[in-house]
1. Looking at segment A:54-81, which residues lose a minimum of 10 Å² of accessible area between their chain alone and all protein chains in place, measuring with a 1.4 Å probe and not counting ligands or nucleic acids?
2. What residues in segment A:5-24 lose 20 Å² or more of accessible surface when the other protein chains are added to their chain alone (1.4 Å probe)?
3. Using DSSP to define loop residues, name the chymotrypsin sites (Phe, Trp or Tyr not before Pro) in segment A:1-86 whose beta-carbon has at most 15 other beta-carbon atoms within 10 Å.
4. Counting only protein heavy atoms and rolling a 1.4 Å probe, how much accessible area do A and B lose on contact, total for both sides, in Å² to 100?
5. Averaged per residue, what accessible area in Å² does segment B:163-208 show with a 1.4 Å probe, protein chains only?
6. Which of the trypsin sites (Lys or Arg not before Pro) found in segment B:106-212 are loop residues per DSSP with 14 or fewer other Cβ atoms within 10 Å of their Cβ?
7. Roughly how many whole Å is it from the C-alpha centroid of segment B:225-255 to that of segment A:70-95?
8. In whole percent, and with a 1.4 Å probe on the protein chains, what portion of the accessible area of chain B is carbon and sulfur?
Amino acid sequence: MAEENMHLYEVFIRSKRGLDHKHVGSLHAEDPEQALEYARDVYTRRNEGVSIWVVKSSDIFASQEDDNASFYDPMDDKPYRHATHYVLPDSLNNM
Amino acid sequence: MSISTDKTEAELMAAFQARIDDEQKIEPKDWMPDAYRKNLIRQISQHAHSEVIGMQPEGNWITRAPTLRRKAILLAKVQDEGGHGLYLYSAAETLGVSREEMIAALQSGEAKYASIFNYPTLTWADIGAIGWLVDGAAIVNQVSLQRTSYGPYARGMVRICKEESFHQRQGYEIMLALSRGSDAQREMAQDAINRFWWPSLMMFGPHDADSAHSGKSMQWKIKRQSNDELRQKFVDQSVKQVEVLNLSLPDPDIKWNEERGHYDFGEIDWDEFKRSMTGGGPCSRQRVAHHVAAHEEGAWVRDALRAYRAKQKAQAEQAAA
């Protein structure tokens with residue numbers, strides 16, 4: 001079946017200039033050009049975007065949420081990375 | 001996907017300026033004048049270099065911080081600066097310049113960075129003064145740049161400003177602790193302010209009338225507020241902050257001007273600024289030499305990563321065969 005050769009693409013859309021591209025979903029296509037046209041037809045029928053990125057799903061290397069405990073472990077005990085950790089006089093008006 | 005166009009340069013330019021005048025961002029794949037691209041590459045890479053070189057004067061005190069808490073805080077801050085350099089190098093790369101080119105320009109002295117990092121950090125109070133004044137000045141500039149016309153730069157600034165919020169507060173907290181301490185500690189804090197105040201004012205660059213890049217930068221909204229406007233904002237906020245410390249700024253001309261609604265202040269020593277900018281700062285040579293050394297001494301790590309990847313690839317191919 002020819003369909004088995006289709007690739008899965010992830011679709012990212014920039015809704016407005018100045019904003020990041022945001023993941024909106026995925027689709028199947030033969031190649032990137034086709035994926036881009038499908039994405040236009042499927043995800044931007046109501047002017048949802050000014051720019052589309054398509055990325056082959058197989059090219060995305062993702063972290064696993066099950067590993068979060070060990071993966072993010074060193075970040076958990078550092079409250080001093082936050083501005084609120086520092087207690088300063090009120091007269092400074094929110095430095 | 002390239003879009004072919006029959007538009008003339010003048011038409012493209014008009015559309016580009018119209019987009020900017022309409023407060024729309026310019027994004028990497030848009031047509032842009034060469035001078036806009038060049039101007040941005042210069043500014044963003046200088047900004048990135050400043051973040052990375054700025055790790056050195058503060059890094060100097062990591063092993064000497066007075067408590068474990070202060071050490072952990074300073075480590076986290078210096079780590080942030082490295083991250084900010086990375087965000088900015090990435091933003092510059094969207095304009096078609098490579099990381100290697102930018103690093104080479106820094107190491108050859110062709111590219112500049114904020115001259116403030118060419119001053120030594122002599123005492124622990126300097127770490128307080130840098131956080132409060134140097135980061136404070138950088139934040140004033142960066143808050144304004146969140147509205148810069150180039151999308152990737154603006155988005156980088158938003159992220160950086162969010163992360164910077166603790167930098168200034170930790171510096172001020174150091175100054176506050178010293179200002180409430182012994183006479184010697186108060187003197188140390190005052191001495192750090194005396195040395196870092198003027199270089200902090202210089203961070204905003206030359207006066208508007210003498211600024212080589214300002215005209216176009218304002219027209220293209222790369223800069224949203226002029227050097228002098230931003231400097232004034234910084235002076236106004238610092239005068240109030242130094243009062244809480246019960247210390248003083250080393251400028252007898254600072255005085256409230258009712259008419260302007262701002263503090264007047266004295267003239268900057270521009271000869272000193274030029275000396276420091278052109279490599280004559282107290283630590284200029286040391287900063288670049290250290291960067292070169294760190295880059296060269298880190299080569300084995302990059303080599304090891306490449307060798308590991310080659311080995312993995314060979315093993316995978318063997319397994320597949």
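The values are calculated or read from the model by the stated rules, or taken from the named source; none is laboratory data. Every value quoted in this text rests on a predicted model; they were computed, and no experiment measured them. So basically every Cβ, Gly included, is an ideal-geometry build from the backbone, and we count neighbours across all protein chains shown. The protein model used for the area step is the full one, side chains on, heavy atoms only, and it has no ligands, DNA or RNA in it. Shrake-Rupley method; radii C 1.70, N 1.55, O 1.52, S 1.80 Å.
1. The answer is A:80, A:81 - residues whose exposure falls by at least 10 Å² when every protein chain is included.
2. A:14, A:17, A:18, A:20
3. Filter output for segment A:1-86: A:61, A:72.
4. 2000 Å²
5. 35 Å²
6. B:180
7. Between the Cα centre of segment B:225-255 and that of segment A:70-95, the gap is 26 Å.
8. Result for chain B: 54 percent of the exposed heavy-atom area is carbon or sulfur.
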